[in-house]
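The values are calculated or read from the model by the stated rules, or taken from the named source; none is laboratory data. All figures in this text were calculated on a predicted structure; none of them were measured in a lab. Virtual Cβ from ideal backbone geometry, glycine too; neighbours counted across all protein chains shown. We work out accessible area using only protein heavy atoms, side chains counted, and drop any ligands, DNA or RNA first. Shrake-Rupley method; radii C 1.70, N 1.55, O 1.52, S 1.80 Å.
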Amino acid sequence: MKQIYSKLFSIAAALTAVSCVGDLDTVPLNSYSKSPETAYGADEAGYLHGLSKLYFQFISNETNDLQVSDGGASELVRAFWSIQETTTDEAKCAWSDDAWVRALNTDTWTEAQNDATYAVYVRTLQGITYVNEFLRQTTDDKLTERGVDDNVRAKVAQFRAEARFLRAYFYWMAIDAFGNVPFVTEDSPFGTGVYPVQGARKQLFDFCIGELTDLASDGSAMPAPRSNYPRADKGSVYGLLARMYLNAEVYTGTAMWEEAKSACETIFNMGYGLSDSYEALFRGDNGENPDARREFLFAAAYDAEQSQSFGGTTYLTLAAIAAEDIQQVPVFEDENGEPLAEETMVTLYPNGVNNGWAGIRVPYEFAQKYFNVEDADYGDGTYGCDDARGRMFYIKGREESMDDALYKFLNGWSCLKFNNVPYGKEPLYWGSEAANKAYSDIDFPLIRLGEIYLVYAEACFRLNDRDEALPYLQELSERAGVEGPATSYTENYLIEERARELYWEGHRRTDLIRFGKFHSGDFLWPYKGGESFGGQSFASYKTLFALPLTDLTANPTLKQNEGYADNR
């Protein structure tokens, strides 16, 4: 991973072109930007660099085209995580000075422009714009004009397939969050005075399914499963298909459970496998660890030396602890368990990074409900939990309840699921390296096999084929060290198991909407729907976010989502 991406990051930045969501297609305006006339030629390098720009869109901190105050917060993985997690029972943020934090924490956002939702909107549509231009610049006619030989053409065909997958992923994020968004492909007209047409959610869904189905076909140039990490391959394609089919009823009004089940069964025959260790999936070396990597269908790659993003897993490690959690502590044994001649003081970096932002944490109620934690001692930082997935909380020096303390970071449980310490190493003996780690090396799993097992279980549940899914649910439970369902399972089990297996991976809002729990009054969590700790229902139209005012103003043909005021 690090070797592949390190060669591309600087070039991706150099290729960055200015685009605004209002017209979605422009030529570069910056003096340092490359134009299509100079970026591409007859050799492979220019096309690989162009492709890298598309992948870079997930982790970019650049704000050339965004009206935000914090470039790091606008990174796509971080912004999407924020709208998916802090709006639910899985996470709350302590940064009371940020307006988007208050709105998402309490589900009280309005049509007013919100940095987090705005970033998701712009980054996804910007990514689509970049893909469209890449596809325009890599047609057969363009390659012929540039004298590209057959060997390079074959590579470019693969790059085009990857680009189309990325466009489908960006569109999935956009329609999940906003529903009806501008619909533009490489064949759409563009230029001054041309406004992108707003696509209906079902139309966009059908387009993505068509693209992914074509990429999954035998004749596709998409790379074989497990052959292209961290870039996309056919496993990635089927993973996104499974996820979209799972949510088809929400997106289109028509369920597609058979299709979801079939996509999962195809993945099961592609050579993926669960990692032996759940913990290893989220450690600093997960992109290099073969055991962890065999579970990843698609991931966003991070590197502390090369990518240096303030979003993604850097955010999930640094914001999950406070600076004071980095402490000098006494040890009496070395890293091999051998006794030391005398007490030795070492620095403990709980998350393998050298700072703490005191931002995001988990409500105690979530940890107790889904992991049945017990005997919490906030003095020495210990607690009991049978489930291995629930042993990743840090509670030393914390206060249990967020009641009247939503914006006090030490109230609630810190989550160390994403931990930059390499798997098999202990934070106590990672100090010398962690002292120099200001960013994360942890790859963020955008699609992994554990999710696919749960998609399969839910599809089988809806089709009354529960017996077929039981072995997969039992495999997840066995890895977690707990007892799984022996003979059957319920919808409530699926809601809870997705919480246990996938927490902090950016799924929760989508899951709760699909199960009809997101806005309802019969499924409460702290600060749901307002400033009351006990929670309350909120309006159903908030299953979608408002389209940004800036784009409504730039494109008069757009219609605001129902329930929100159109303040153009």
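Once the Cα atoms are used to define both axes, helix 491-502 deviates from the longest principal axis of the chain by about 90 degrees. Remark: the chain carries a charge dipole of roughly 1520 debye about the Cα centre, counting +1 on each Lys and Arg Cβ and -1 on each Asp and Glu Cβ. Relative to the longest principal axis of the Cα atoms of the chain, helix 257-268 runs at roughly 80 degrees. Centre-to-centre, using Cα atoms only, region 303-372 and region 93-134 are separated by 28 Å.
FRET efficiency for SER217 and ALA154, Cβ-Cβ distance as r, R0 = 22 Å, nearest 0.05? It would help to have the intermediate numbers written out before the result.
Numbers: r = 17 Å, r/R0 = 0.78.
Given R0 = 22 Å and the Cβ-Cβ separation, E is 0.80.
Extension gain for VAL194-PHE523 works out to 113.9 nm (0.36 nm per residue, less the C-alpha to C-alpha distance). Taking the alpha-carbon centroid of each part, what is the distance from region 144-216 to region 276-294 in angstrom? Measuring centre to centre over Cα atoms gives 31 Å. Taking the protein heavy atoms of the chain in the context of the full set of protein chains, the accessible area attributed to carbon and sulfur is 47 percent at 1.4 Å. The angle between the Cα long axis of helix 234-246 and the longest principal axis of the Cα atoms of the chain comes to about 80 degrees, rounded to the nearest 10. If you take all other residues with their beta carbon under 15 Å from the beta carbon of ALA260, and give Lys and Arg +1 and Asp and Glu -1, the sum is -3. Among CYS460, THR510, PHE545, flag the residue with its Cα farthest along the positive direction of the charge dipole of region 437-568, charges on Cβ as +1 for Lys/Arg and -1 for Asp/Glu. Among CYS460, THR510, PHE545, the one farthest towards the positive end of the dipole of region 437-568 is PHE545.
What number comes out for accessible area per residue over region 52-143 if the probe is 1.4 Å? Units Å², please. Write out the running numbers ahead of the final one.
Values: 2330 Å² over 92 residues.
Here the residues of region 52-143 average 25 Å² of exposed surface.
Annotation: the antiparallel percentage among DSSP beta bridges lying fully within the chain is about 90.
What does the extension gain come out to for MET270 and ASP386, with contour length at 0.36 nm per residue minus their alpha carbon separation?
Details: separation 116, 0.36 × 116 = 41.76 nm, distance 3.19 nm.
The MET270-ASP386 span can extend by a further 38.6 nm.
Close amide H contacts of ALA376 (hydrogens built in the peptide plane, cut-off under 5 Å, sequence separation of 5 or more or a different chain): GLY384.
Extending 7 Å from the Cα toward the beta-carbon at both GLU249 and ASP375 defines two label points whose distance is 4.2 nm. Whole angstrom only: what separates the Cα centroid of region 520-554 from the Cα centroid of region 458-476? So the two Cα centres are separated by 32 Å.
Expressed in nm to one decimal, what extension gain is obtained for the pair ASN64 and ARG226 from 0.36 nm per residue of sequence separation less their Cα-Cα distance? Walk me through the intermediate numbers first.
Values: separation 162, 0.36 × 162 = 58.32 nm, distance 3.47 nm.
Going from the current span to full extension adds 54.9 nm.
Legend: residue pairs LYS437/LYS528; LYS234/LYS417; LYS202/LYS528; LYS53/LYS528; LYS53/LYS202, Cα-Cα distance threshold 31 Å; pairs beyond threshold, LYS437/LYS528; LYS53/LYS528.
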